[in-house]
Amino acid sequence: MSFRPSGVLSRILLATLTASFCVVSALAQDASGTATTQPTQPTAPAVNRSMSSDDYVPDKWEFFGGYSWIAPKGRVGDFQLDKSIDKGFALSGAYYVNKYLGGEVLGSYHTGDRESMSSITVGPIVRYPMAGVSPFIHATIGGSHLSPAGLGGNWGFGTAMGGGLDLAVPSWTHFKIRLIQADYLYSHHNFFPILPRPNLGSVQLSAGIVYTAVPITPPIPPTVACAVNPTEVFPGELINVTVTPANFNPKRTVTYTYQANGGKVTGTGPTATIDTTNAAPGSYNVTSAATDGHMKVPVSCTAAAYTVKEWPGPQVSCSANPTEIDPGQTAAITANGSTVKGELKYSYTATEGTVQGNGPNATLSGATPGTANITCTVTDDRGKTASAQTSVTVRAPVAPPPPPPPPQSSKINEIAFNKPYSPRVDNTAKAILDDVALRLQREPDSKAVVVGETDAKETGKRAKNLAATRAVNTKAYLVNEKGIDPSRIETRTDGTAGAKSEIWIVPNGATFTQPDTTVVDLPTPKPAPVRRHRAHKKAAPKPPAQ
């Protein structure tokens, strides 16, 4: 059995859908930029447009619950169904895989005077989300339960097709109002063999609250921020202007316009330049406006201020090297000049002597003893000058230093002969003589004097030539063992100051002047030959006894 809505119900449904269409059309018109907008303010830019489906990203989960009315008008065999059941509710839950398409579980329950009806269906849902409203359509299939009075209940096939309109409330963060949900319900039931199998077509209207898990945020208005770099320039220098947009639709092209009250702006993109060639010194600002083509009033900013400064005069520093000289010497004068524009000319004056040079480097000469004050001056293309001073001290002549004293001979060490009447140079003495040899090697122009002596207790024939032999043996070690040229070593004898040999160093140009010494005229002993020992042959072992 099918159902055809009455005239009153048709008019109610038509009026509801018409109102919904008008709301959607108005919001769509505002999103396209044709609706009236308010001028922007520097501190709080106004919203130029409502966010369209291109801007607004809703939550993936939505849950609906509310009142529901159904008109099952029809018959089940001889049983007349109610024409209108105003006691009912509807529930649904939807998950969206993207902004537009999702899946929905839809359920409802209605109870009237003569029967009750309920259904649960699943299927796809399509929405067109905007910041203000979200129209949707869905088509679901599942089961429908019909329970006429006195006939028991029956679950049969059911399907629901329709759509609706959700309205966002600015003060609600997680809820929307479902103004209308209109569905056509088709169901097939089986009361066989009691009654034939009826097919019912019903109209269901619902309204209520939609809950979203993610808070519903109001539209974020587009804004722009202006910045200039540098903020201070001299006339003729360029200034870079940068506009940073925010909250514009990335799918739309943003265009920019500029206006500056000091200089000429060039550029139509997010960056531009200001030519300050004809700008007088002072403070200025630049205004930028941005639009994406869908707003009536562009978003603007006027916070980018800059200053055009007057060209400063030149600067200079002056230095001398060296700062102290002797009469007849010269000093280098250096002038470090700087200017922000053009070239510099250099000039110099001095209270003593003469400064020659017309660039950053000059020379002071001819100054007499005392202090010479030098002034360095630079002049730029506009005739502005800057000066700096330095000074050079000219020392008075001084007497030449006295010549250094002549070199002198000096005793550097001595070796001892520990056994009476012994002229032998032992190992302790050799260690001392090794140091003497190193010094003679380091000072190839120096000579050595070896003075041999005896002890007062060493007397008689055994003491004859003992001091000379000790001096000669000392020299022999330095010559034979350490390789010192014998011509660099002189041997002498002295008195009875001890059983020792004194070693004196005589630098080049010095003279050995130790009194009471006598030159020794004995040959230097040759190095002793190396003795070779014969190897003893071992006796052959005796053969074992037989």
Subject >> Neighbours by Cβ (under 7 Å, 6+ apart or cross-chain): first from the stretch 511-523, surrounded by 13 or more Cβ atoms within 10 Å (Cβ to Cβ); second assigned to a loop (DSSP other than H, G, I, E, B) and of a type in the set (S, T, Y) >> reply: F512/S409
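Listed here are the residues, each with its yes/no results for (1) surrounded by 14 or more Cβ atoms within 10 Å (Cβ to Cβ); (2) within 28 Å of F234 (Cβ to Cβ); (3) modelled with pLDDT of 90 or more.
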| residue | (1), (2), (3) |
| --- | --- |
| A272 | yes, yes, yes |
| T277 | no, yes, no |
| S283 | no, yes, yes |
| K296 | yes, no, no |
| A303 | yes, yes, no |
| W311 | yes, yes, no |
| Q315 | yes, yes, yes |
| Q329 | yes, no, yes |
| A335 | yes, yes, yes |
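Can you tell me which residues in the stretch 417-440 are closer than 13 Å to R470 by Cβ, part of a helix (DSSP H, G or I) and touching a Leu at 6+ places or on another chain (Cβ under 7 Å)?
Taking the stretch 417-440 as the starting set, the residues that turn out to be closer than 13 Å to R470 by Cβ are 417-426, 429, 433.
From what is left, the residues that are part of a helix (DSSP H, G or I) are 429, 433.
The answer is L433, and nothing else.
Can you pull out every residue in the stretch 486-496 that is out of contact with any Pro (no Cβ under 9 Å at 6 or more places or on another chain) and either closer than 13 Å to T524 by Cα or surrounded by 14 or more Cβ atoms within 10 Å (Cβ to Cβ) (or both)?
P486, S487, I489, E490, T491, R492, T493, D494, T496
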Original post:
What is the residue count in the stretch 137-164 for residues that are surrounded by fewer than 22 Cβ atoms within 10 Å (Cβ to Cβ) and either within 30 Å of N249 (Cα to Cα) or within 60 Å of the chain's Cα centre (by Cα) (or both)?
Top reply: 6
Original post:
Restricting attention to the stretch 260-270, which residues are among the aliphatic types (A, V, I, L, M) and either open to solvent by less than 30 Å² (accessible area, probe 1.4 Å) or not in a strand (DSSP E or B) (or both)?
Top reply: A260
Original post:
Which one of the conditions (1) among the hydrophobic types (A, V, I, L, M, F, W, C); (2) over 60 Å from the mean Cα position of the chain (by Cα); (3) more than 28 Å from T496 (Cα to Cα); (4) open to solvent by less than 10 Å² (accessible area, probe 1.4 Å) does C376 fail to meet, given that it meets all the rest?
Top reply: (2)
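If you take the residues in the stretch 381-406 that are at pLDDT 90 or above and either polar (S, T, N, Q) or assigned to a loop (DSSP other than H, G, I, E, B) (or both), which one is least open to solvent (accessible area, probe 1.4 Å)? Before the answer, list the steps.
Just the residues of the stretch 381-406 that are at pLDDT 90 or above, to begin with: 385-395.
Applying the additional criterion that residues be either polar (S, T, N, Q) or assigned to a loop (DSSP other than H, G, I, E, B) (or both) yields 385, 387, 389-391, 393, 395.
On the way: T385: 88, S387: 69, Q389: 123, T390: 25, S391: 51, T393: 54, R395: 88 Å².
Across the stretch 381-406, the extreme among qualifying residues is T390.
From the list N473, N508, which residue is out of contact with any strand residue (DSSP E or B) (no Cβ under 6 Å at 6 or more places or on another chain), of a type outside the set (A, V, I, L, M), at pLDDT 80 or above and surrounded by 20 or more Cβ atoms within 10 Å (Cβ to Cβ)? Step through it out loud before you land on a result.
Numbers: N508 fails: surrounded by 20 or more Cβ atoms within 10 Å (Cβ to Cβ).
Just one listed residue meets the conditions, N473.
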**OP:** Exactly one condition in (1) without any contact (Cβ under 8 Å) to a residue 24 or more places away in the chain; (2) in contact with a strand residue (DSSP E or B) (Cβ under 9 Å, 6 or more places away or on another chain) is not met by T377; state its number.
**Re:** (1)
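Assigned to a strand (DSSP E or B) and in contact (Cβ under 8 Å) with a residue 40 or more places away in the chain, is that true of A279? Talk me through it step by step, then tell me what you get.
On the way: assigned to a strand (DSSP E or B): no; in contact (Cβ under 8 Å) with a residue 40 or more places away in the chain: yes.
The answer is no for A279.
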Original post:
Filter the stretch 341-357 for residues that are in a loop (DSSP other than H, G, I, E, B) and out of contact with any Phe, Trp or Tyr (no Cβ under 6 Å at 6 or more places or on another chain); which is most open to solvent (accessible area, probe 1.4 Å)?
Top reply: E343
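The values are calculated or read from the model by the stated rules, or taken from the named source; none is laboratory data. Only a predicted model underlies this, so the values are computations on that prediction, with no experimental measurement involved. In this analysis, Cβ positions are derived from the backbone assuming ideal geometry, glycine residues included, and neighbour counts consider all displayed protein chains. The protein model used for the area step is the full one, side chains on, heavy atoms only, and it has no ligands, DNA or RNA in it. Shrake-Rupley method; radii C 1.70, N 1.55, O 1.52, S 1.80 Å.
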